[in-house]
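Trainee: After the structure tokens below, expect a handful of questions from me.
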Amino acid sequence: MFKPLPDSRAPEVRVIVDGRELLVSADLSVAAAVLAYADGVTRTTPVSGTPRAPYCLMGVCFDCLMEIDGVQNRQACLTPVREGMRIARQSGKRTVFP
């Protein structure tokens, strides 16, 4: 669906998305990395479990909510990738207490 630009001069970093290690360009947001290097799904809806993907990519719509480094409901479009980051898709509603 989305592909990184071939002439990007940004270094690459390793991130882990749902247990899968990916090598991504360091100049991307988490949402852009999921769109370019994974299947694009960032979460599922609380009621029906429908898969959702980033929509606005500027922090307005909240369709890109993901668990990033153990913190739920982070806006993936506003979070830059960094080396060793652990990213997980959110399934349904957020958990208040572990």
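Trainee: How about region 64-98: which of its residues are at pLDDT 90 or above and either in contact with a Phe, Trp or Tyr (Cβ under 8 Å, 6 or more places away or on another chain) or part of a loop (DSSP other than H, G, I, E, B) (or both)?
Mentor: Once the filter is applied, which keeps residues that are at pLDDT 90 or above and either in contact with a Phe, Trp or Tyr (Cβ under 8 Å, 6 or more places away or on another chain) or part of a loop (DSSP other than H, G, I, E, B) (or both), region 64-98 yields Cys64, Asp69, Gly70, Gln75, Thr79, Val81, Arg82, Glu83, Gly84, Met85.
Trainee: Follow-up question, since we're still on this one. What number of residues within region 7-37 are part of a loop (DSSP other than H, G, I, E, B) and surrounded by fewer than 18 Cβ atoms within 10 Å (Cβ to Cβ)? Can you show your working first?
Mentor: Filtering region 7-37 down to residues part of a loop (DSSP other than H, G, I, E, B) leaves 7-11, 18-19, 26-28.
Checking the rest, the ones that are also surrounded by fewer than 18 Cβ atoms within 10 Å (Cβ to Cβ) come to 7-11, 18-19, 26-27.
Of the residues in that region, 9 qualify.
The values are calculated or read from the model by the stated rules, or taken from the named source; none is laboratory data. As the structure is a prediction and not an experimental result, all values here were calculated from the model. So basically every Cβ, Gly included, is an ideal-geometry build from the backbone, and we count neighbours across all protein chains shown.
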